[in-house]
Amino acid sequence: PALCIFEYIYFARPDSLLKGRFVHQIRRRLGERAAREHPVAADLIVGVPDSATAHAIGYAQAAGIPFGEGLIKNRYIGRTFIQPNDRLRRMGVAIKFNPLPEALCGKRVVLVDDSIVRGNTSGPIVALLRRAGASQVHMRVASPPIRYPCFMGVDMATREELIAARMSVAEIARHLGVDSLGYLSLEGLLEAVGPERGGYCTACFTGEYPVPVSDELGKGIFEPE
């Protein structure tokens, strides 16, 4: 069966060994590849903690730009992506992150994230960095645009909720309030992860599903009752 490639990007613990590959190492390679595909002049690389820390370290190393803590995470808040609705996700961002003005003030910042699903957490994070004094905020995403829903149980069940299904990259950049936005290519993702005997499910990026599906289905259609 095809392996969900999102395990390497986001879901798996960074200290996991998955199919013989260290997840943390894969994520650093994703960041390195994103830096090669989307270079930008900057002073500081900041990862969205904690899910994009490894990606950001890889980006910083490949770009030759310092990696630093610009956001401090409240350790008692769970992952905002898997909150059940937009209101709770936005509330989660508001209490989940605190910026460090002394690290950000006057700096051209590259914010690295593992992915953008709905875009409702990225915008508030960008606003936090600007309020803390960042002179520029560029965003780099260590995965391709998510344009198609998942019917295998992941909480992105309809195209309407996916920002990349509704907007171009330039439109997303304006919506998030960033100076520039760059996504890792699918080719870059597959190169960084490496080959897998059973292949990968990349349906959320390509719309090519490993089993026949319909857009009318929900995310739980293949889950056991």
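With each run of n ≥ 4 DSSP H residues scored as -39500 (n - 2.57), what mean residue ellipticity at 222 nm is computed for the chain after dividing by its residue count and rounding to the nearest 500 deg cm²/dmol? Please list the in-between numbers first.
Values: 9 runs with 75 residues, N = 225.
Result for the chain: -9000 deg cm²/dmol, rounded to the nearest 500.
In this simple spin-label model, placing a label point 7 Å from the Cα along the Cα-to-Cβ direction at both Lys73 and Arg159 gives a separation of 3.3 nm.
What net charge do the residues around Val178 carry, taking every other residue with its C-beta under 15 Å from that of Val178, with Lys and Arg at +1 and Asp and Glu at -1?
On the way: positive: Lys107, Arg108, Arg130, Arg131, Arg140, Arg174; negative: Asp113, Glu171, Asp179.
Charge balance in the 15 Å sphere: +3.
For the residues Leu186, Leu162, Leu71, a GNM of the chain with alpha-carbon springs under 10 Å puts the largest fluctuation on Leu186. Protection proxy ranking, highest mean first, for peptides 193-201, 114-122: 114-122, 193-201, where packing is the per-residue count of other beta-carbon atoms within 10 Å, averaged.
Here the chain is treated as a Stokes sphere of Kirkwood radius computed over C-alpha pairs; at 25 °C and 0.890 mPa s its diffusion coefficient rounds to 138 µm²/s. The H on the amide N of Cys201, modeled in the peptide plane, is under 5 Å from the matching H of Leu3, Cys4, Ile5, each at least 5 residues off or on a different chain. Scalar couplings 3J(HN,Hα) for segment 180-197, obtained by applying the Karplus form with A = 6.51, B = -1.76, C = 1.60 to θ = phi - 60°, are 7, 9, x, 9, 5, 6, 4, 4, x, 4, 5, 5, 5, 6, x, x, 10, 3 Hz; x denotes Gly and Pro.
No value in this document is a laboratory result; all are computed from the given coordinates. Only a predicted model underlies this, so the values are computations on that prediction, with no experimental measurement involved. Every residue, glycine as well, gets a Cβ built from its backbone with ideal geometry; the counts of neighbours run over all protein chains shown.
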